[in-house]
Amino acid sequence: MPLIHPTIADMVELQENSHPLRILFVANDPPGHAVFRYRCENIAEVLRLQGHTAEVVYVGQPRVIVDHDVVVLHRICANAEGKRLAAAARFCGAALVYSTDDLVFDESALRGDARTPQRWADFAPLHRQMLCMADAVIVSTDFLKAAAETVAPGKKAFVIRNFLSPELLRISAEARDSILPVSSGRLTLGYLSGSATHNGDLAFIAEALCDAMNQWKEMDLLIVGPAMTPPALAKFEKTTRLRRHSFVDWRTLPALLATIDLNLAPLEPGRPLNQGKSEIKALEAAAVGIRTLASSTGGFAEAAPFFPSLYVTDEWHHPLNEWGDLKRRRQSRDTDVSEALSGFGTFTCWKEPVERIFKEIFSLPRALPAFPAPQIIDQRLSPKYLAKSALKWLVKK
């Protein structure tokens, strides 16, 4: 297939907005997962608001029809499923995009990280292969953009940071304007984790937290999710000063965030993967008027200059003790914090940049087939899909 640009007629129509793009997002995580929402559905919804057609599917669903201008494969590597999707994109003439919000394509970083499942490292070469195969790359932080460009020099890489959906903003506003949090009269610090891979992050600040809680008897800690309680904080476990809460659905997350006074987002130093983490925790907290204290690394360091409710630090003892001296009972929500989101982490501020990025991706030179045609990927008879279906059936039984 020759390497050519989309036709001049297509580009003229596109510039005049008379040719809406058709975009397909293929997510590596099923609907309901945070990655599905933030890296696929939210971006797709912004494109829909701009008049384009955007569809989101899950890589594990039995049937996918590929007939689009742009196909985005989020965290999908060059395994059997990924190769089928990439080939389908080529046969229908679509621009192929590799998307990631993590350093999953860097095998050396993954091999040297004891806290990361080694299967991630096993798949890293296949992620790297898909990244190099694609016409463009979409990432969530500047660090990941630089890393992708190092892997594939000359490859166009674009940063689309995480942003909050109108539905989450609405739910968060309701939580922000509700009754005072249960911590009224005290100061509650909150650490919210989505997986046990963050055990080292909480352990990194455990001594500083212990010192602050010893100094300020009105300071409590809420740990949400599967993160283990570090030994330095174990003495608080059987008291009311350390509360545990199970992982919550994103729709109930704002109500839980509204019960804390400061959101903690530490990142354990020395882990290359942490350099690529985004600032999403700070955005979710800001939506309910809660400030965030985070490590000065990754997306937090990148976002801090533009996001006044986000404080970053390399040394946690002093800032935690400073927060202990704050006024304990808040009379109202900090609306200034949530208002700061309007210029950084919402649909409104990202709709034009996202559209511009996808128009540029569509215009990139790529190999086009002589006779582009829709492609149907049917996995219902594949051994892997049959095995998954059988397992699901057995579980239900």
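Against the longest principal axis of the chain, how steep is helix 347-363, in degrees 0 to 90 to the nearest 10, with axes from Cα atoms?
30 degrees
With only Lys, Arg, Asp and Glu charged, each at its Cβ (+1 for the first two, -1 for the last two), find how big the charge dipole of the chain is about the Cα centre; round to the nearest 20 debye.
Working: 46 positive and 45 negative charges, 282 e Å.
Computed about the Cα centre, the dipole is about 1360 debye.
Which whole-number percentage describes the relative contact order of the chain, with Cα contacts under 8 Å and a sequence gap of 6 or more?
Numbers: 745 pairs, mean separation 84.8, N = 397.
Over the chain, the number comes to 21 percent.
According to a simple spin-label model (label point 7 Å from Cα along Cα-to-Cβ), what is the distance in nm between A255 and F371?
For F371 paired with A255, the spin-label model returns 5.8 nm.
Taking the Cα centroid of segment 91-132 and of segment 49-80, what is the distance between the two, rounded to the nearest whole Å?
18 Å
Report the calculated FRET efficiency for L364 and D211 (r = Cβ-Cβ distance, R0 = 45 Å), to the nearest 0.05. Walk me through the intermediate numbers first.
On the way: r = 53 Å, r/R0 = 1.17.
Approximately 0.30, to the nearest 0.05.
Based only on other Cβ atoms within 10 Å, what is the fewest-to-most ordering of I160, I205? Walk me through the numbers on the way to the answer.
Numbers: I160 20, I205 26.
Exposure proxy ranking, most exposed first: I160, I205.
Among N274, A232, F307, whose Cα projects farthest towards the positive end of the dipole of segment 166-343, with charges put on the beta-carbon of Lys, Arg (+1) and Asp, Glu (-1)?
The one lying farthest along the dipole's positive direction is A232.
Give the aspartates and glutamates whose C-alpha is closer than 19 Å to that of K217, dropping any in the same chain fewer than 8 places away, or say none.
Partners within reach: E207, E237, D261, E322, D325.
With a cut-off of 8 Å between alpha carbons and a minimum separation of six or more residues, what is the relative contact order of segment 166-343 in percent? If you can, show how the numbers build up before the last one.
On the way: 304 pairs, mean separation 47.1, N = 178.
Result for segment 166-343 is 26 percent.
In the chain, what percentage of the DSSP-assigned beta bridges are antiparallel, given to the nearest 5?
Numbers: 6 of 51 bridges.
Roughly 10 percent of the DSSP beta bridges within the chain come out antiparallel.
Give, rounded to the nearest 20 debye, the magnitude of the charge dipole that segment 166-343 has about its Cα centre when Lys and Arg contribute +1 at Cβ and Asp and Glu contribute -1 at Cβ.
Numbers: 19 positive and 22 negative charges, 129 e Å.
For this selection, approximately 620 debye.
May I ask for the Kirkwood hydrodynamic radius of segment 166-343, worked out over all distinct Cα pairs and given in angstroms to one decimal?
Details: mean 1/r = 0.0617 Å⁻¹.
Radius from the Kirkwood sum: 16.2 Å.
By counting other Cβ atoms within 10 Å of each Cβ, how are I138, I76 ranked from fewest to most?
On the way: I138 27, I76 22.
Least crowded to most crowded, the residues run I76, I138.
On a 0 to 90° scale, report how tilted helix 383-396 is relative to the longest principal axis of the chain, with both axes built from alpha carbons and the result rounded to the nearest 10.
Taking Cα atoms only, the helix is inclined about 40 degrees.
Among V59, L364, S178, whose Cα sits farthest toward the positive end of the charge dipole of the chain (+1 at Cβ of Lys/Arg, -1 at Cβ of Asp/Glu, about the Cα centre)?
The listed residue farthest towards the positive side: V59.
Taking neighbour Cβ counts within 10 Å as the exposure measure, how do E107, E207, E284 sort from fewest upward? Show your work: numbers first, answer last.
Values: E107 18, E207 15, E284 24.
The fewest-first ordering by Cβ neighbours comes to E207, E107, E284.
Would you please give the FRET efficiency between E315 and A80, computed as 1/(1 + (r/R0)^6) with r the Cβ-Cβ distance and R0 = 30 Å, to the nearest 0.05?
Details: r = 48 Å, r/R0 = 1.58.
The computed FRET efficiency comes out at 0.05.
Expressed in nm², what is the orientationally averaged projection area of the convex hull enclosing the Cα positions of segment 190-243? Kindly include the intermediate steps, with their values, before the conclusion.
Working: hull surface 13.0 nm².
Answer in nm², one decimal: 3.3.
Longer than 25 Å from Cα to Cα, which of K83/K155; K156/K281; K83/K277; K235/K277 are they? Say none if no pair is. Working shown, then result.
Values: K83/K155 19 Å; K156/K281 28 Å; K83/K277 27 Å; K235/K277 31 Å.
Among K83/K155; K156/K281; K83/K277; K235/K277, the Cα-Cα distance tops 25 Å for K156/K281; K83/K277; K235/K277.
In sequence order, what are the phi-derived ³J(HN,Hα) couplings for segment 313-321 according to the Karplus relation 6.51 cos²θ - 1.76 cosθ + 1.60 with θ = phi - 60°, rounded to whole Hz, with x for glycine and proline?
8, 9, 9, 8, 4, 5, x, 5, 5
Using a Gaussian network model of the chain whose springs link C-alpha atoms within less than 10 Å, name the residue from G60, G154, G225 with the highest mean-square fluctuation.
G154
By how many degrees, 0 to 90 and rounded to 10, does the Cα axis of helix 206-215 deviate from the longest principal axis of the chain?
30 degrees
What Kirkwood radius, in Å to one decimal, follows from the Cα pairs of the chain? It would help to have the intermediate numbers written out before the result.
Details: mean 1/r = 0.0443 Å⁻¹.
About 22.6 Å for the chain.
Readers should treat all values here as calculations from the given coordinates under stated rules, not as data from a laboratory. Just so it is clear, the structure is predicted and the values come from calculations on it, not from any experiment. Quick reminder, even Gly has a Cβ in these numbers, built from the backbone with ideal geometry, and neighbours come from all protein chains shown.
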